Amino acid sequence: MGSADHVIDVTVPPSGPGCAECDAANGWWVHLRRCALCGHVGCCDSSPGQHASGHFAETGHPIVQSYEPGESWFWDYARLDYYDGPTLTPPDSHPLDQPTPGPRGRVPQDWRSKVR
């Protein structure tokens with residue numbers, strides 16, 4: 001992998017409190033991931049939309065950080081391995097009052113049968 005300067009920008013804030021694509025489509029997610037280069041917040045691969053890995057496929061931005069409260073780990077989609085990343089611009093998770101899965105009011109009661 002190349003220099004972290006090309007895959008991480010610690011100055012970019014997250015794109016919002018939830019998955020950008022799910023929010024646009026009135027969808028829902030299981031967990032959230034934040035792109036370490038552009039701040040795009042997408043849903044994890046257990047979510048129906050898998051928008052975080054889709055963002056990597058579309059943009060080539062390989063590093064994401066968990067956007068869940070209390071989690072600070074990074075994942076490198078290009079190497080399929082964890083990554084030791086720096087502290088990114090806050091906030092470092094979705095709002096604490098936002099449920100997981102989320103967002104409130106859009107998660108179907110049978111959500112467990114719909115996840116990968």
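The values are calculated or read from the model by the stated rules, or taken from the named source; none is laboratory data. Everything quoted here is computed from the prediction, not taken from an experiment. FYI the Cβ positions are ideal-geometry reconstructions off the backbone, even for glycines, and counts take in every protein chain you see.
Just the residues that are among the hydroxyl-bearing types (Ser, Thr, Tyr) and either in contact (Cβ under 8 Å) with a residue 40 or more places away in the chain or closer than 16 Å to residue 20 by Cβ (or both), please, taken from the stretch 37-81. I'd like the intermediate steps shown before the answer.
Kept after step one, since they are among the hydroxyl-bearing types (Ser, Thr, Tyr), are these residues of the stretch 37-81: 46-47, 53, 59, 66-67, 72, 77.
Passing the criteria: 46, 47, 53, 59, 67.
The residues on offer are 51, 55, and the sole one that is of a type outside the set (A, V, I, L, M, F, W, C) and touching a His at 6+ places or on another chain (Cβ under 6 Å) is 55.
Taking the stretch 94-116 as the range and being of a type in the set (S, T, N, Q) and either surrounded by fewer than 13 Cβ atoms within 10 Å (Cβ to Cβ) or within 14 Å of the chain's Cα centre (by Cα) (or both) as the test, the residues that pass are 100, 109, 113. Kindly establish whether residue 24 is under 29 Å from residue 110 (Cα atoms), loosely packed, with under 12 Cβ neighbours inside 10 Å and of a type in the set (A, V, I, L, M). Answer is yes for this residue. Using the structure shown, decide if residue 77 is surrounded by fewer than 21 Cβ atoms within 10 Å (Cβ to Cβ), among the aromatic types (Phe, Trp, Tyr) and touching a helix residue (DSSP H, G or I) at 6+ places or on another chain (Cβ under 7 Å). Yes, satisfied. If you go through the stretch 83-104 one residue at a time, do you hit one that is among the aromatic types (Phe, Trp, Tyr) and at pLDDT 95 or above? Among the residues of the stretch 83-104, not one is among the aromatic types (Phe, Trp, Tyr) and at pLDDT 95 or above, which makes the answer no. Among the residues of the stretch 80-106, which ones are in contact with a Ser or Thr (Cβ under 9 Å, 6 or more places away or on another chain) and polar (S, T, N, Q)? Result: 87, 89, 93.
The number of residues in the stretch 36-60 being surrounded by 21 or more Cβ atoms within 10 Å (Cβ to Cβ) and touching a helix residue (DSSP H, G or I) at 6+ places or on another chain (Cβ under 7 Å) comes to 6. Checked against (1) closer than 17 Å to residue 115 by Cα; (2) in contact with a Gly (Cβ under 6 Å, 6 or more places away or on another chain), residue 13 meets all criteria but (1).
Summed over the stretch 82-93, the residues that are surrounded by fewer than 14 Cβ atoms within 10 Å (Cβ to Cβ), hydroxyl-bearing (Ser, Thr, Tyr) and closer than 18 Å to residue 16 by Cα give a count of 2.
Taking the stretch 6-63 as the range and being charged (D, E, K, R) and under 10 Å from the mean Cα position of the chain (by Cα) as the test, the residues that pass are 33, 34, 45.
Would you call residue 30 of a type in the set (A, V, I, L, M, F, W, C) and modelled with pLDDT of 95 or more?
Values: of a type in the set (A, V, I, L, M, F, W, C): yes; modelled with pLDDT of 95 or more: yes.
Judged against the criteria, residue 30 is a match.
Evaluate the stretch 86-94: report whether one residue or more is closer than 22 Å to residue 107 by Cα and in contact with a helix residue (DSSP H, G or I) (Cβ under 8 Å, 6 or more places away or on another chain).
Just the residues of the stretch 86-94 that are closer than 22 Å to residue 107 by Cα, to begin with: 93-94.
Keeping just the survivors that are in contact with a helix residue (DSSP H, G or I) (Cβ under 8 Å, 6 or more places away or on another chain) gives none.
The answer is no; no qualifying residue exists.
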